[in-house]
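Here's the structure, in structure tokens; my notes come after.
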Amino acid sequence: MKKIIALLLVVVLSVGMLAGCGKSNSGNNSGTTKNDGAGTTNNGTDDSKEVNLVLYLWGGEGVANKDILAKLNEKLKASINTTIEVKYIDWGDIATKYPLLWSSGEQFDMAYVSSTANVPYSTLVKQDALYDITDMIDKDAPALKTELADKWNNVKVDGKIYAVPNNYSEYTAYGFVSRKDLMDKYKVPTIGSIADMEKYMDGAVADGKIPLNGSVNLANDLYRMLIATTGGWLNAPGIPSSELYLAADKSDTSKIFAPAFTDEFEAFAVKMNEWAKKGYWSKDILSSSQDDKDNFYNDLSAAFISHQPDWTGNYGNQIQKLPGVETEFYCFPEANGKIVKATGVGAATGISKNSKYPDRCLKVIEKLMTDKECYNLFQYGIEGREYEVKDGKITQPASYDATKDGGGFAAWAFRTDALNIPQSTEDPRRYTLNEAWSKVAIDDPFIGFNFDTAKVNTELSAIANVDAQLGIQILLGKTSQDPKAAVADYRKQLKAAGIDNVLKELNDQWAAYNASK
């Protein structure tokens, strides 16, 4: 998740487009809420009162964000007599400030929600923190109703809708990114297995390069590698994906389990201990601050692990910092037929129950997702300043100055395929891979299921602490004891933290959900 977030922020910080809501759209009826001058829109709702709404997004404020938002607000005010104020939760504060946002009683209108957020979407619903928009969609967002026709079921909780999901096709399969020139140098013709990875990394070590020269975040990426390369294992809900999450087997998804208690995990712990001793990452990785991806593009690491959109999205960075270097991507789940469609409540926008204007919120969301001019402003910035379009792709203008023009919003919850413009900074393989994967990808078996964590929040907090300490150390081969002994200790600590209670509650809810379908 962290790298997914980082990728998307990089994309929005680099691009933009000048817009005017209500004049052009994606081919649907997104222009139907234009104000008729009498304070009433032609869908029958009253917009005569000017309203300002507060929207919370993750990330920081770019230097040009206020200017971009001012342009956007001009268009929103002209069309639906509404403006928005964006407030930010910085990346490093998400774990503490995001839960506080919902529990503090603060007055705000909209915020990013997700099934894998620190407070999951369904938990927010059970806590009565989100507005039920089920009966509002027809009147206040007719364009969204059509645009998201096949997505609404994904965000239903007990038959009701409490959030607007994005409509963007993406496959966030993780893999190993290597350099083609180094592959040739180390005589590794292709990388399509863990064994091939080891040959490449052995060559890097012998060449004086640290293969995965990163920070403690590498542990989570190694864990993703374990899940993705092991049999039929699939990511499962229950524990946030930013931690050492749960899994299920694609041949029988009726039971969700904790991988830590499997033989495969113990064997992986032994291998990671071996990798640490072989120098695949630095000895001080637990205190390092620079991720493997950043070191890779600064020629300080021979590889990094991330998801496909992050790899392809850094193409511009690669060209600038590693001119002439080609990269390769070994996709972990591809060999086992486990490319999963990115659907469900991965990125959505919820309306706070405390909002005084839920109807306006829904109209704003509709504008930002279905009106081309509003969409471009929010996703890309101001045309001619943050970006321009050349050959159908977004690129930075020659006049672009990051110290003055850098800006953008972490607005991935509003993205839609119909309005997406490819980036010149994206590796074209993003689209060829997406096209190929679309033909073989499997549906996420947990689409529509939202785990309510209310009864096990104490246990989840304790488990997170265990994972952040011993779990991370095991994955990085940094325990003071034999890896098998460390795994045994880890299992005891998870039991004491309440992992069994979490699994029981989760599987009970999962069984009940399946029985109700």
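The values are calculated or read from the model by the stated rules, or taken from the named source; none is laboratory data. Treat the numbers as computed from the prediction; the structure is a model and nothing was measured. Note that we place each Cβ from the backbone using ideal geometry, even for glycine, and neighbour counts take in every protein chain shown. Remember, those area values only see protein heavy atoms, side chains included, never the ligands or the DNA or RNA. Shrake-Rupley method; radii C 1.70, N 1.55, O 1.52, S 1.80 Å.
What trypsin sites (Lys or Arg not before Pro) does region 204-299 have in DSSP loop regions with at most 12 other beta carbons within 10 Å?
Those satisfying the criteria are Lys283.
Note on Ile80: accessible area is roughly 0 Å² with a 1.4 Å probe, heavy atoms of protein only.
When only the heavy atoms of the protein chains count and the probe is 1.4 Å, how do Asp196, Asp158, Asp132, Asp292 rank by accessible area, highest first? If you can, show how the numbers build up before the last one.
Values: Asp196 30, Asp158 125, Asp132 55, Asp292 5 Å².
Of Asp196, Asp158, Asp132, Asp292, the descending order of accessible area is Asp158, Asp132, Asp196, Asp292.
Close amide-amide hydrogen proximity is noted between Asn52 and Thr83, each under 5 Å apart and 5 or more residues distant or on a separate chain (H modeled in the peptide plane; Pro and chain starts excluded).
Which pairs, out of Lys97/Lys363; Lys199/Lys277; Lys255/Lys517; Lys160/Lys439; Lys156/Lys341, put more than 24 Å between their alpha-carbon atoms? Walk me through the intermediate numbers first.
Working: Lys97/Lys363 27 Å; Lys199/Lys277 15 Å; Lys255/Lys517 17 Å; Lys160/Lys439 31 Å; Lys156/Lys341 18 Å.
Among Lys97/Lys363; Lys199/Lys277; Lys255/Lys517; Lys160/Lys439; Lys156/Lys341, the Cα-Cα distance tops 24 Å for Lys97/Lys363; Lys160/Lys439.
With the simple model of a label 7 Å out from the Cα in the direction of the Cβ, Asn434 to Gln469 spans 4.3 nm. Surface composition of region 68-190: carbon and sulfur make up 47 percent of the accessible area, probe 1.4 Å. Only helical runs count toward this figure. For the chain, summing -39,500 (n - 2.57) over DSSP H runs of n ≥ 4 and dividing by all residues gives -11500 deg cm²/dmol at 222 nm.
Within 10 Å, count the other beta carbons around each residue, average over each peptide in 444-450, 405-411, and list them highest first.
On the way: 444-450: 19.7, 405-411: 23.6.
Order by mean packing, descending: 405-411, 444-450.
If you roll a 1.4 Å probe over the heavy atoms of the protein chains, what accessible area per residue do you get for the chain, in Å²?
40 Å²
Annotation for Asn514 and Lys484: the two label points, set 7 Å from Cα along the Cα-Cβ direction, are 3.4 nm apart.
How do the peptides 171-182, 49-60, 367-378 rank, highest first, by the average count of neighbouring beta carbon atoms within 10 Å per residue? Mind showing how you got there, number by number?
Details: 171-182: 21.0, 49-60: 18.4, 367-378: 27.2.
Per-residue mean Cβ counts within 10 Å order the peptides as 367-378, 171-182, 49-60.
Two numbers describe the Cα atoms of the chain: Rg and Dmax, which are 23.3, 75 Å. Leaving out ligands, DNA and RNA, and with a 1.4 Å probe, what % of the accessible surface on region 259-381 is carbon or sulfur? About 45 percent, which is the carbon plus sulfur part of the accessible surface. Highest mean packing comes first when the peptides 304-311, 482-489 are listed by Cβ atoms within 10 Å, giving 304-311, 482-489. Here the simple spin-label model places points 7 Å from the Cα toward Cβ, and for Thr134 and Phe261 these points are separated by 3.5 nm.
Kindly identify region 410-449 as rounded, prolate or oblate by the Cα gyration tensor criterion: order the square roots of the eigenvalues as a ≥ b ≥ c, call it rounded if a/c is under 1.5, otherwise compare a/b with b/c, prolate if a/b is larger, else oblate. Let's see the in-between values first.
Details: a/c = 2.68, a/b = 1.26, b/c = 2.13.
Oblate is the answer for region 410-449, as a/c is 1.5 or above yet b/c matches or exceeds a/b.
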